[in-house]
Amino acid sequence: MRSTRQRILAALLLLFAGGGVFSYFKYRQLSGYLVNRIGGLTSVKFGRQVKFKSVSFSPLEGIVITEACVSRRPDFSKGSFFCAAKAVIRPKFSALLRNRLYFSRVTFEKPVLKVRERGGAWDFADLLALLPETNKGLHLTWNAGELVLKDAVVEADLETSGLSLALEDADIALEHHSSFGGNYTLSAKGLVKTVLKGRLLSAGVKLRTGANFDYGGLASTRGELSAENISYGAITLESLKTDWNLFNLRRPVADKNYCATLTAEKLFIPARENSMRDGVSKSLALFSAAMGRPVPKIEDIEMSSLKAAFKLDNSAIAFSDLALCTNFMDLNAGLSIDGPGRTAEASLDAAIGANKIRLSASGPMASPRILPALSATLSASFRRSLLALENRLLETFPVTGE
């Protein structure tokens with residue numbers, strides 16, 4: 001009995017050792033392949049210079065590349081396109097046994113990526129040739145279980161829109177969960193910056209989202225996004241959060257099932273932002289007229305909280321739980337549209353100082369009944385405002401079938 005156990009144990013040890021040796025030589029072979037690709041063939045084929053300090057093999061980490069850089073076209077005299085202090089590439093052992101190349105994890109430490117768009121074309125289009133040739137979507141051919149960027153910087157210049165975006169101090173992870181078509185999870189956090197109309201917009205952001213693909217493309221997604229310490233010139237917002245569940249993305253609108261929520265807290269807009277202050281005053285004019293009161297004078301705009309929820313299901317649109325609390329008005333409102341019936345229901349409860357108003361509208365979208373009864377002029381104004389809002393929603397979600 002003992003000799004049998006010893007033979008089994010010896011066989012297992014030999015198998016393990018053989019697998020380790022095989023894995024080692026496979027990794028070394030792949031390391032040599034990468035050195036040749038990076039050192040010369042890639043530069044020739046794709047018209048960019050590629051440089052690195054060293055490539056080595058680690059049994060624990062995989063293939064380690066230090067100080068890797070890819071130039072802009074055609075060489076580094078035009079600047080760097082992508083650089084990383086360290087890249088760690090770990091092939092999946094079980095795939096190597098089948099002579100297939102699949103990476104269980106690819107990690108870039110302190111990467112810097114700079115992309116540009118001009119005339120609708122991105123400056124990395126030539127690098128897409130690095131991807132496997134296939135008539136299938138990238139979501140079906142992606143060959144990395146996890147892609148990680150640590151302490152990353154991403155810069156994007158968009159000539160068409162005139163925007164420049166930067167993501168700094170970023171940690172990004174893309175996970176691929178092998179399934180029918182492919183399921184992915186993306187998580188990211190960092191500091192976002194851009195300049196709009198001569199003023200800096202910045203925010204600390206966190207994102208976590210999942211995407212489910214079938215063979216035709218993206219089928220559903222869910223996730224959450226938060227932003228904190230948002231500033232735009234003198235305008236500040238403490239926090240903004242949203243989450244979503246979107247199903248049947250490629251199906252007809254009648255089959256779509258969407259829901260989303262939004263919350264925001266502590267917005268401050270100083271009085272010198274005249275355009276925003278004038279826009280708020282104009283919006284308040286209709287409410288004040290319905291109350292028979294003058295439009296209140298607004299200086300600084302302060303919003304303590306905003307909440308809203310959206311749902312699209314069975315050709316019906318609903319905005320519910322809309323709650324706005326500011327230093328000049330408290331508002332609770334809701335709107336729902338029945339697409340096939342072409343009817344809508346809306347409610348509004350507002351307080352401006354000591355003055356309050358409560359309105360409701362229901363019935364056909366073109367001519368809803370408004371309660372309580374208002375003057376003909378005010379009723380017509382509310383109907384026009386409500387119909388304009390409904391039409392904007394229907395442009396995006398044509399639930400009426402038109």
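The values are calculated or read from the model by the stated rules, or taken from the named source; none is laboratory data. Computed from a predicted structure; not experimentally measured. Virtual Cβ from ideal backbone geometry, glycine too; neighbours counted across all protein chains shown.
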Scan the stretch 295-320 residue by residue and report those that are in contact (Cβ under 8 Å) with a residue 40 or more places away in the chain and of a type in the set (D, E, K, R). LYS307, LYS311, ASP313
Check the stretch 266-278 and report whether any residue there is in contact with a Phe, Trp or Tyr (Cβ under 6 Å, 6 or more places away or on another chain) and polar (S, T, N, Q). no
Could you list, in sequence order, the residues of the stretch 72-93 that are over 17 Å from VAL153 (Cβ atoms) and in contact (Cβ under 8 Å) with a residue 12 or more places away in the chain? ARG73, PRO74, ASP75, PHE76, VAL88, ILE89, ARG90, PRO91, LYS92, PHE93
Options SER360, SER336, SER347: the member that is surrounded by fewer than 16 Cβ atoms within 10 Å (Cβ to Cβ), without any contact (Cβ under 8 Å) to a residue 60 or more places away in the chain and among the polar types (S, T, N, Q): SER360
The residue from SER347, SER362, SER379, SER375 that alone is at pLDDT 90 or above, more than 34 Å from the chain's Cα centre (by Cα) and polar (S, T, N, Q) is SER362
On the basis of being hydrophobic (A, V, I, L, M, F, W, C), in the same structural domain as ASN257 (by TED's automatic domain parsing) and either assigned to a strand (DSSP E or B) or touching a Phe, Trp or Tyr at 6+ places or on another chain (Cβ under 8 Å) (or both), does ALA373 make the cut? no
Checked against (1) loosely packed, with under 15 Cβ neighbours inside 10 Å; (2) modelled with pLDDT of 95 or more; (3) assigned by TED's automatic domain parsing to the domain that holds LEU393; (4) within 28 Å of LEU312 (Cβ to Cβ), ARG250 satisfies every condition except (2)
For GLU159, state whether it is out of contact with any Leu (no Cβ under 6 Å at 6 or more places or on another chain) and at negative phi. yes
Out of LEU225, LEU201, LEU163, report the one residue that is among the aliphatic types (A, V, I, L, M) and under 13 Å from the mean Cα position of the chain (by Cα). LEU225
Checked the stretch 373-389 for anything free of Cβ contacts under 8 Å to residues at least 60 places away in the same chain and either of a type in the set (A, V, I, L, M) or exposed (fewer than 14 other Cβ atoms within 10 Å of the Cβ) (or both); matches are ALA373, SER375, ALA376, THR377, ALA380, ARG384, LEU386, LEU387, ALA388, LEU389
Among strands (runs of 3 or more DSSP E) lying entirely in the stretch 237-354, which contain 1 or more residues that are charged (D, E, K, R) and closer than 18 Å to ARG392 by Cα? 301-313, 330-338, 343-352
Kindly indicate the residue of the stretch 390-402 that is over 26 Å from the mean Cα position of the chain (by Cα) and either assigned to a helix (DSSP H, G or I) or among the hydrophobic types (A, V, I, L, M, F, W, C) (or both) and also surrounded by the fewest Cβ atoms within 10 Å (Cβ to Cβ) among those meeting that condition. ASN391
Given the conditions (1) touching a Ser or Thr at 6+ places or on another chain (Cβ under 9 Å); (2) within 24 Å of LEU262 (Cα to Cα); (3) surrounded by 17 or more Cβ atoms within 10 Å (Cβ to Cβ), report the number of the one that ILE370 does not fulfil. (2)
Please find, within the stretch 141-153, the residue that is modelled with the lowest pLDDT out of those that are within 17 Å of THR185 (Cβ to Cβ) and of a type in the set (A, V, I, L, M, F, W, C). TRP142
Test ILE352 against the criterion of being in contact (Cβ under 8 Å) with a residue 60 or more places away in the chain and surrounded by 14 or more Cβ atoms within 10 Å (Cβ to Cβ), and give yes or no. yes
Answer residue from the stretch 209-236, given it is more than 26 Å from ALA318 (Cβ to Cβ) and touching an Asp or Glu at 6+ places or on another chain (Cβ under 9 Å) and is surrounded by the most Cβ atoms within 10 Å (Cβ to Cβ) among those: ILE230
